[in-house]
Amino acid sequence: MSFDTEVLVIGAGMSGLGLAVQIIRKYGIRNFELVEKSEDVGGTWLANTYPGCGCDVASHFYSYSFALNPEWSRKYSMRPEIQAYFRSVAEQYRVVEHVRFHSVVEKATWEGINNVWEVTVLNLQTKERTVRRAKILISGVGSLSVPRTCDLPGVETYQGKMFHSAQWDHSLDWKDKEVVVLGNGCSATQFVPIMANEPNPVRKIVQFGRQAQYLAERQNPYYSEAFKSVMRYVPLAMRVYRARFYYEMERDWSGFDIDSGRGIRQDLARENEAYVKSMAPPKYWDALIPKTEIGCKRKVLDTDYLKTLWRENVELVANDPVERVTETGVVTNSGREVNADAIVLAIGFATQQMLCPMEIVGRDGVSLNEYWDNTSKGVAQAYFGTVVPHFPNFFMMMGPNTVTGHLSVIYTVECQINFTLRLIDPILKSLPSYRAQSFIPQMLAPSPATVEVKPEAAIADSQWTQQEAKRLVWASGCVNWAVDPKTGLNNMMYPDWQFLYWFRSVFWKKNDFVYRDEQTGEEVKPRGGKTMVWLGTVGALAVGMYMGRDWIQDELPRRLRNLDAGTFVRSLTA
């Protein structure tokens with residue numbers, strides 16, 4: 001067994017960082033590497049630097065359960081504070097020294113002879129390629145990492161600045177400039193007010209909205225020093241405060257069912273309409289009040305966006321979409337020409353291109369995309385959003401069908417991390433880093449193994465996911481980023497309560513997975529609990545005194561590799 005690192009994690013964002021920390025906390029080992037394309041940890045909170053960038057989940061809940069932070073400055077924190085939080089966690093657990101910055105994974109291939117992942121890593125600065133061999137491969141890339149490109153005719157002819165909101169061009173001085181914004185989602189509602197208002201307002205912003213969003217009121221108070229002291233010093237205060245946010249957000253799930261949740265959604269829609277009419281100019285009401293079911297597209301929190309629409313330098317266009325781009329601006333379907341010194345693309349992400357552009361090749365040379373083409377019409381699917389058949393020792397954080405429409409993504413990822421660590425527990429305990437600190441005799445240690453989900457279990461899980469998703473609001477007819485437009489399959493949303501997702505991560509179905517001995521390739525069962533291990537140790541020593549040294553060195557390890565703890569004692573005298 002030869003490898004460069006025991007665990008290789010792709011991405012040092014929220015999920016990759018969280019997994020690395022939990023490996024340290026639970027196993028006390030550090031033989032892992034993270035490959036990160038940027039210059040720091042933080043993922044989306046490092047990459048997204050557009051003006052006004054913040055989170056729509058309360059900070060005390062949008063944080064790790066194992067790294068609570070009493071110092072949040074306000075209820076909904078802004079990007080710099082969130083990124084600083086992730087950096088502080090990375091520094092606290094000394095994860096930074098394990099990260100290969102300015103690097104990307106180009107390809108990862110399962111090498112079946114030695115049962116390792118061969119990962120090709122490109123250094124973006126030196127252009128040097130290296131191959132890292134890892135026992136376990138984990139993707140922490142996420143689904144909102146590839147900005148969608150603008151496919152309008154004439155894009156290549158435009159002479160001004162054009163960029164995606166996730167790739168903000170800070171050389172743009174927008175004061176007294178004319179700016180076109182394509183899109184009206186969450187990011188646009190955050191940066192448009194910053195650009196339109198004092199102290200450096202644009203001359204004119206023309207925003208083209210594709211589909212009305214449900215905008216809800218957001219109050220964002222600053223926390224007092226007294227409140228922070230309570231969070232810091234009063235036992236369980238932060239846990240209780242966090243639990244409150246969980247309860248308030250989790251109960252929203254009951255409104256997602258198309259039939260049983262109709263009354264809840266109708267009440268929310270009326271509340272939303274009243275709020276919009278109280279805040280926005282009447283001329284925009286039709287453009288701001290959706291005709292689709294509330295919840296079909298994720299609710300957007302109002303960050304003074306509606307108030308900004310009263311300004312003379314802001315125009316929202318909802319019924320005359322852009323047809324093409326010219327050298328100096330855009331032309332709409334009606335033939336209207338709009339000049340633009342800059343065009344900002346707030347058009348979302350390529351959510352259907354999971355793990356793009358890297359290539360993951362599993363058993364028998366089949367890539368992930370080929371597997372999905374053959375099994376789910378090209379739409380990404382994974383058991384528990386985490387594992388795929390024929391890809392041993394490979395796990396995805398924020399994989400297919402792990403997004404929620406109501407809760408914190410960190411909650412979901414922590415469930416995935418717990419699930420993943422339970423699966424790889426016997427593998428980690430068989431590897432050198434853990435063995436070096438273990439008191440269990442080498443001959444009783446679990447044999448190195450691989451784990452993968454059974455194909456029939458993955459198919460059943462995917463069928464359940466799609467069946468349940470069809471009865472929920474995302475399938476009610478609106479255009480959203482969760483549903484593949486070609487197949488109608490949902491590859492983004494998890495169709496159940498999140499506490500049940502947590503339940504599945506703890507009480508996972510062991511029969512849905514197969515462990516194989518690294519040397520023989522035969523199916524094995526993971527070792528039992530600590531009690532049985534120690535009972536086995538005592539039994540082995542007792543029997544060894546009778547059977548002799550050769551039996552202990554040769555026969556006993558062979559039997560242990562092929563038996564679970566429940567039959568261990570019976571096997572000793574067989």
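The values are calculated or read from the model by the stated rules, or taken from the named source; none is laboratory data. Because the structure is predicted, anything quoted here is derived from the model rather than measured. Quick reminder, even Gly has a Cβ in these numbers, built from the backbone with ideal geometry, and neighbours come from all protein chains shown. Each accessible area value is taken on the protein alone, full model and side chains, heavy atoms only, with ligands, DNA and RNA left out. Shrake-Rupley method; radii C 1.70, N 1.55, O 1.52, S 1.80 Å.
Okay, here's what the table says:
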| read-out | value |
| --- | --- |
| Only one of E456, E414 that is assigned by the TED database to the domain that holds K135, without any contact (Cβ under 8 Å) to a residue 12 or more places away in the chain and not in a strand (DSSP E or B) | E456 |
| Condition met for F391 (buried (at least 22 other Cβ atoms within 10 Å of the Cβ), at positive phi and in the same structural domain as W110 (by the TED database)) | no |
| The stretch 371-392 residues that are farther than 18 Å from W481 by Cβ and without any contact (Cβ under 8 Å) to a residue 60 or more places away in the chain, paired with ones that are open to solvent by 10 Å² or more (accessible area, probe 1.4 Å) and β-branched (V, I, T) (beta carbon under 9 Å, 6 or more apart) | N374/V366 |
| Filtered residues of the stretch 464-489 (kept if assigned to a helix (DSSP H, G or I) and surrounded by fewer than 18 Cβ atoms within 10 Å (Cβ to Cβ)) | W464, Q467, E468 |
| From the options V7, V21, V57, V41, residue that is farther than 25 Å from M231 by Cβ and in contact (Cβ under 8 Å) with a residue 24 or more places away in the chain | V7 |
| Unique match (being at pLDDT 95 or above and surrounded by 14 or more Cβ atoms within 10 Å (Cβ to Cβ)) among Q211, Q190 | Q190 |
| Output for the stretch 290-320, where each listed residue is buried (at least 19 other Cβ atoms within 10 Å of the Cβ), in a loop (DSSP other than H, G, I, E, B) and more than 27 Å from the chain's Cα centre (by Cα) | P290, L309 |
| Residue within the stretch 149-166 that is out of contact with any Ser or Thr (no Cβ under 9 Å at 6 or more places or on another chain), under 27 Å from T292 (Cα atoms) and of a type in the set (D, E) present | yes |
| Among the residues listed as I264, I294, the single one being without any contact (Cβ under 8 Å) to a residue 12 or more places away in the chain, in contact with a helix residue (DSSP H, G or I) (Cβ under 8 Å, 6 or more places away or on another chain) and either assigned by the TED database to the domain that holds V409 or not aromatic (F, W, Y) (or both) | I264 |
| Count of residues meeting criterion [closer than 13 Å to V409 by Cβ and touching a Leu at 6+ places or on another chain (Cβ under 9 Å)] in the stretch 42-63 | 5 |
| Of residues in the stretch 128-164 being closer than 14 Å to K37 by Cβ and in a loop (DSSP other than H, G, I, E, B), the one modelled with the lowest pLDDT | S145 |
| Residues satisfying the stated conditions in the stretch 321-339, i.e. in a loop (DSSP other than H, G, I, E, B) and more than 35 Å from the chain's Cα centre (by Cα) | T326, E327, T328, N333, S334, G335, R336 |
| Members of the stretch 362-405 that are among the aliphatic types (A, V, I, L, M) and more than 30 Å from E250 (Cα to Cα) | V366, L368 |
| Positions within the stretch 225-241 being among the aromatic types (F, W, Y) and either in contact with a helix residue (DSSP H, G or I) (Cβ under 6 Å, 6 or more places away or on another chain) or open to solvent by 40 Å² or more (accessible area, probe 1.4 Å) (or both), in sequence order | F227, Y233 |
| Extreme residue, farthest from the chain's Cα centre (by Cα), among residues of the stretch 109-141 that are surrounded by fewer than 15 Cβ atoms within 10 Å (Cβ to Cβ) and touching a residue at least 60 places away in the same chain (Cβ under 8 Å) | N114 |
| Within the stretch 490-541, considering residues that are at pLDDT 90 or above, within 20 Å of N418 (Cβ to Cβ) and basic (K, R), the one least open to solvent (accessible area, probe 1.4 Å) | R504 |
| Options E71, E81, E97, E106; residue that is open to solvent by 10 Å² or more (accessible area, probe 1.4 Å) and assigned to a loop (DSSP other than H, G, I, E, B) | E71 |
| Criterion: more than 31 Å from the chain's Cα centre (by Cα) and either closer than 30 Å to T412 by Cβ or not in a helix (DSSP H, G or I) (or both) - qualifying residue of D252, D173 | D173 |
